[in-house]
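The values are calculated or read from the model by the stated rules, or taken from the named source; none is laboratory data. Values in this document were obtained by computation on a predicted structure and should not be read as measured data. Cβ sites come from the backbone with ideal geometry, for glycine too, and all protein chains shown count toward neighbours. Accessible surface areas use protein heavy atoms only, side chains included; no ligands, DNA or RNA. Shrake-Rupley method; radii C 1.70, N 1.55, O 1.52, S 1.80 Å.
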Amino acid sequence: MSDNMLGIIIILAVIAVAAFGGAKNSKSLGFFSVQQAPQTQEQKQANVARDIQTTQTQIDKLKKQIQLTEEQKSQSKYFGIIKIQFINRSQNSSGEYVTLHMDNSATTTIPITGWVLKSLSSGNSVTIPKGTYLIFYGSINSEDPIILTGGDTVYLSTGISPNGYSFKLNKCSGYMSQFQNFTPYISTTCPAPRDENLSSIPKTVVNDACFDYIESFPSCRIQTGQFPLGLSTECQNFFNEKINYKSCVNIHKNDKDFYLYEWRVYLKRSDRIWKDRRETVVLYDSLGKIVDTIKY
């Protein structure tokens, strides 16, 4: 490298230092620097406050990210699929219940027996028990894990079951409510007597009164007391043998729409579980992860 070239490089370096090195409170304008006025105390305080606010904003964002990560770790894979819809508060255990609902769009079945509902306020907790899919009166019914499908609703009652079991409703369950009290009420959606097989009743003039009586008879009710005068033996046998829960189940249990999207589950407690107010109830799955939370 020639001496002239080396000199030029040194000169350029000096110019660069002068142009870009600057003093702390200077502003660069091309190859020259303009000295800035020193900051007042108020300006310094404003800058410090701005820096603190910026730092606090970053800290808050980080906290939210950490919280979200922790929530995702403790969150069940069923989060958003099964929800606590409602808690019915009552002065006695028979009227207190929690409503759970499985989303209609769910494409898989979910077993909920063994899941836990816990109050974060009182510390009270309950475990969802097994249930009976199809109740037969007059016999011991087996109990199996409760498995929900899309659209199912569960009424988780604190008290004792009127018929002794937790059970899934079907199109004949309305017969149960004639002599037993359920909370909430079981709707009467049984097949109407007029829609059952009437072939055992001869279509004669003598049975006109019978068919009129069948037409007017309500669903989900068995005949009690005396029959109206003039009804034939065949007519009375029809009511005695076919219009009841047992016969309804035997006739319709293979229907595609036999089972309804509803469970009645009982915890068999004599005392209330949930507080009247300032309550937080969490639903945990079998792994102890959070499925849903309700506050009131």
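Report, ordered by chain and residue number, the lysines lying within cross-link reach of K253, taken as a straight Cα distance under 27 Å and ignoring same-chain residues fewer than 8 apart.
List returned: K130, K168, K171, K242.
Given R₀ = 22 Å, what would the calculated FRET efficiency be for S122 paired with T153, taking r from the Cβ atoms and rounding to 0.05? Don't jump to the answer; show the numbers that get you there.
Details: r = 25 Å, r/R0 = 1.15.
Here the calculated transfer efficiency is 0.30.
Looking at the range 122-244, what % of the alpha carbon pairs are farther apart than 23 Å?
46 percent
Please list 3J(HN,Hα) in residue order for the range 248-260, calculated via the Karplus relation 6.51 cos²θ - 1.76 cosθ + 1.60 where θ = phi - 60°; whole Hz, with x for glycine and proline.
Once rounded to whole Hz, the list reads 4, 5, 4, 7, 10, 4, 9, 5, 5, 9, 5, 7, 8.
Round to a whole number: what % of the accessible area of the chain belongs to carbon and sulfur, probe 1.4 Å? Mind showing how you got there, number by number?
Numbers: 9830 of 18220 Å².
Taking all protein chains in place, the chain shows 54 percent carbon and sulfur surface.
Using only alpha carbon positions, build the gyration tensor of the chain, then give the equivalent ellipsoid semi-axes as the square roots of 5 times its eigenvalues, largest first, whole angstrom.
Values: eigenvalues 1255, 103, 60 Å².
Equivalent-ellipsoid dimensions as semi-axes: 79, 23, 17 Å.
For the chain, find the longest principal axis of its Cα atoms and tell me its angle to the long axis of helix 3-20, 0 to 90°, nearest 10.
Helix 3-20 sits at roughly 60 degrees to that axis.
Could you state how much accessible area R221 has, in square angstrom rounded to the nearest 10, with a 1.4 Å probe and all protein chains kept in place?
Roughly 60 Å² of R221 is accessible to a 1.4 Å probe.
Could you give the dipole magnitude of the chain about its Cα centre, charging the beta-carbon of Lys and Arg +1 and that of Asp and Glu -1, in debye to the nearest 20?
Numbers: 31 positive and 26 negative charges, 215 e Å.
Roughly 1040 debye for the chain.
Suppose we look only past 11 Å in the calculated P(r) of the range 150-189. What percent of the Cα-Cα pairs does that tail hold?
Details: 534 of 780 pairs.
More than 11 Å apart: 68 percent of the Cα pairs in the range 150-189.
Report the Cα centroid-to-centroid distance between the range 252-274 and the range 213-228 in angstrom, as an integer.
Using only Cα atoms to place each centre, the spacing works out to 27 Å.
In a shell of Cβ-Cβ distance under 14 Å around T55, excluding T55 itself, what net charge do Lys and Arg (+1) and Asp and Glu (-1) give? Please list the in-between numbers first.
Details: positive: R50, K61, K63; negative: D51, D60.
In short, +1.
Might you tell me the accessible area per residue for the chain, computed with a 1.4 Å probe and given in Å²?
Working: 18220 Å² over 296 residues.
That works out to 62 Å² for each residue.
At 0.692 mPa s and 37 °C, plugging the Kirkwood radius over alpha-carbon pairs of the range 247-286 into Stokes-Einstein gives what diffusion coefficient in µm²/s? Working shown, then result.
On the way: Rh = 14.7 Å.
Calculated translational D: 224 µm²/s.
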